[in-house]
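Contents: one structure, followed by commentary.
Nothing in this text is a laboratory measurement; each read-out follows from the coordinates by a stated rule. Predicted model, so just to flag it, every value in this text is computed and none were measured. Cβ sites come from the backbone with ideal geometry, for glycine too, and all protein chains shown count toward neighbours.
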Amino acid sequence: MSTICVIGTGYVGLVTGTCLADMGNQVTCVDIIPEKIERLRRGILPIYEPGLEELVERNVQARRLHFTISYDEGLDNCDFIFVAVNTPTGTSQGGADMRYVESAARSIAEKLDHYAIIINKSTVPVGSGDVVSRIIRSNLKLPAIPFAVVSNPEFLREGSAVQDFQNPDRVVLGSTDQEAAHRVAQLYLPLRAPIVITDLYTAEMIKYASNAFLATKISFINEIAQICERLGADVKEVATGMGYDKRIGRAFLDAGLGYGGSCFPKDVRALAHMADEAGLHPQLLHAVMDINHDQRRLVVSKLIAILGSLRGCTIGVLGLAFKPNTDDMREAASVDIIRWVTSQGAIVHVYDPVASKTGREALEREGIRMEDICFCKNAYEVAEETDALLIVTEWNEFKSLNMLQIRNSMRRPVLIDGRNIYEADEMNRLGFIYRGMGRGTGPAPTVLPPGDTTGVLEQTQQETLGLEVSKQ
Ligand code: UGA
């Protein structure tokens, strides 16, 4: 059993601290925001993460997990100090903002009175471990106190973070002090995962390279999707066919609206920035970002291709969160899409199973006119009297909707499936004009002007689409 202090009770800190406590360690989580700590003590979590609430409760009751705003209390007698504060994009060029990491390092230095290993979990630019060491050394209250710094990047996904912590594909540790790295490795031994021990810079780079590679896979399949759509192939089947090749793998080959969230966008930007600063020209990373941005625009183009103008239209949006099983709205595709759709003069009906509150806040922050947005109670309410329905987040509950009921309640039966959760044939049979992402199996774009659903389609097209054009 070790005594551990975790600095930062965001999503990484809270999951790490709680899971380490669950492994039998004594863990104290420190945060500088008193209300957050107060709420955590009452069992109220700042984030939605499946399984986490129960785990926090269990470990608090077992007196293995504690929350405090006091560094003195957190650092008291601890063997390990995990730094898990956020590193948002700080500069207009995409560089990481190190402010919170630096201030955590200073606070540790001011309070540390015994040997401890400082483990950095935050995603920091390559070389930051040295910066942290320097800050601590130059601010130590008791200058003779020895300490070690180890980089231990996290690979948790939001929505499955607890499961990911408990079953990691690998644990990466980097340090100039190999003995310290091996002591941290002991903490992770019960997880029975491969442990890679390397130098500090390499460990920091493994994190960026991993996220950038996954983002590249997504942009790659999205580019293939665009080609599929034009040439008449189906990207979903292309991905399946590719995925069986062990060298490729099926994961992260879902074409759609591209990546969002607090990690991929920020980390690809930061890596490109580091490369630029080093005098390199990271062409691939820039292409990955460009393709990702274009995917979001593409759904709005699809809408316009079918509806003509969006002025006066009502568009239904299913899903706000950047991906399912989270209420996180950071860099969510929904924000851009809603901004563009409303700026074209449309009204939006929206529903998300978990992210309605955070979604509303995010849209407000972005300066989107809230009068143009109606928050609904469920997917069926969203669809009512809409000119088109847009699937933005692939929540499970959107995968088994009564689509006939949905179609019958819409003003015009247009379905843009930004996450490819439905099949074109089936949706066409139900009378939808269906467009997926990269699924070149549907008929060519059809223009339906707003308010006029009759006489626009050729008779043959109506038959192919099974569309009830005289529904109004
Ligand atoms: C990501 C990584 O997967 C984690 O390993 C890493 O620890 C984390 O970033 C981080 O750096 O903190 P996360 O952002 O939670 O995790 O989400 P992912 O599940 O990786 O999805 C990221 C985005 O890619 C989502 O918007 C998702 O919709 C999109 N995506 C994912 C696709 O568009 N297609 C896919 O095939 C997979």
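Rounded to the nearest 500 deg cm²/dmol, what is the calculated helix-only ellipticity per residue at 222 nm for the chain, with -39500 (n - 2.57) per DSSP H run of length n ≥ 4? Walk me through the intermediate numbers first.
Working: 18 runs with 203 residues, N = 472.
Dividing the helical sum by the residues of the chain leaves -13000 deg cm²/dmol.
HN-Hα J couplings of the stretch 394-405 from phi, Karplus 6.51/-1.76/1.60, θ = phi - 60°, integer Hz, Gly and Pro as x?
8, 4, 3, 5, 7, 7, 10, 7, 7, 6, 5, 4
Using the Cα centre of the chain as origin and beta-carbon charges of +1 (Lys, Arg) and -1 (Asp, Glu), tell me which of Ser409, Val341, Met437 is placed farthest towards the positive end of the dipole.
Met437
What are the residues whose amide H is under 5 Å from the amide H of Ile119, where those residues sit 5 or more places off or on another chain and H is modelled from the backbone?
Those lying under 5 Å, H to H, from Ile119 are Ile81, Phe82, Val83, Val150.
Report the FRET efficiency, 1/(1 + (r/R0)^6), for Asp199 and Glu364, where r is their Cβ-Cβ distance and R0 is 56 Å, rounded to 0.05.
0.80
Quickly rank 273-281, 336-344 as a protection proxy: mean count of other C-beta atoms within 10 Å, highest first. Let's see the in-between values first.
Numbers: 273-281: 13.4, 336-344: 19.7.
Most protected by this proxy first, the peptides run 336-344, 273-281.
With +1 on each Lys and Arg Cβ and -1 on each Asp and Glu Cβ, and nothing else charged, work out how big the dipole of the chain is about its Cα centre, in Debye to the nearest 20.
On the way: 48 positive and 60 negative charges, 29 e Å.
I would put it at about 140 debye.
Please give me the summed charge of the neighbours of Cys376: other residues whose Cβ is under 13 Å from its Cβ, Lys and Arg +1, Asp and Glu -1. Working shown, then result.
On the way: positive: Arg360, Lys377; negative: Asp352, Glu381, Glu384, Glu385.
With Lys, Arg at +1 and Asp, Glu at -1, the neighbours total -2.
Hey, got the dipole for the stretch 48-154? About the Cα centre, +1 on K and R Cβ, -1 on D and E Cβ, debye to the nearest 20? Before the final figure, lay out the partial values.
On the way: 10 positive and 14 negative charges, 68 e Å.
Here the stretch 48-154 has a charge dipole of around 320 debye.
Amide H to amide H, which residues 5 or more places from Glu331 or on other chains are under 5 Å from it, using H placed in the peptide plane?
Sorted by chain and number, the residues that satisfy this are Gly261.
State, to one decimal in nm, how far the label point of Met1 lies from the label point of Arg39, with both points 7 Å from Cα in the Cβ direction.
The answer from the label model is 3.1 nm.
Contact order normalised by length for the chain, with contacts defined as Cα pairs under 8 Å and 6 or more residues apart; what percent is it?
Values: 946 pairs, mean separation 53.0, N = 472.
Worked out over the chain, it gives 11 percent.
By how many degrees, between 0 and 90 and to the nearest 10, does the Cα long axis of helix 128-139 differ from the longest principal axis of the chain?
So the inclination is approximately 40 degrees.
Place the peptides 239-245, 125-131, 169-175 in order of packing, highest mean first, counting for every residue the other Cβ atoms within 10 Å and averaging per peptide.
Working: 239-245: 13.7, 125-131: 18.0, 169-175: 19.7.
So the peptides 239-245, 125-131, 169-175, ranked by packing, come out 169-175, 125-131, 239-245.
Would you please give the residues with an amide H less than 5 Å from that of Val172, counting only those at least 5 places away or on a separate chain, with H modeled from the backbone geometry?
Val196
I'd like the FRET efficiency for Arg297 and Glu53, computed as 1/(1 + (r/R0)^6) with the beta carbon distance as r and R0 of 51 Å, rounded to 0.05. Walk me through the numbers before you get to the answer.
Numbers: r = 38 Å, r/R0 = 0.74.
My answer for the efficiency is 0.85.
Hey, quick one: spin label on Ser160, modelled 7 Å out along Cα-Cβ, who in the stretch 33-58 has an amide N within reach, i.e. under 15 Å?
Backbone N within reach: 50-51.
Positive end of the dipole of the chain, charges at C-beta (+1 Lys, Arg; -1 Asp, Glu), about the Cα centre: which of Ile7, Ala180, Cys29 has its Cα farthest in that direction?
So the residue furthest toward the plus end is Ala180.
With the dipole of the chain worked out from charges on the C-beta (+1 for Lys and Arg, -1 for Asp and Glu) around the Cα centre, which of Asn378, Ile248, Val317 lies farthest toward the positive end?
The one lying farthest along the dipole's positive direction is Ile248.
Taking Cα centroids, how far is the stretch 104-174 from the stretch 180-217 in Å?
13 Å
Give a residue-ordered list of calculated ³J(HN,Hα) values for the stretch 307-312 (Karplus: 6.51 cos²θ - 1.76 cosθ + 1.60, θ = phi - 60°; whole Hz; x for Gly, Pro).
8, x, 9, 8, 4, x
Which of Lys121/Lys246; Lys121/Lys377; Lys207/Lys323; Lys121/Lys141; Lys266/Lys399; Lys217/Lys377 have a Cα-Cα distance over 27 Å? Can you show the working numbers first?
Details: Lys121/Lys246 30 Å; Lys121/Lys377 38 Å; Lys207/Lys323 21 Å; Lys121/Lys141 24 Å; Lys266/Lys399 30 Å; Lys217/Lys377 35 Å.
Checking Cα-Cα distances, Lys121/Lys246; Lys121/Lys377; Lys266/Lys399; Lys217/Lys377 exceed 27 Å.
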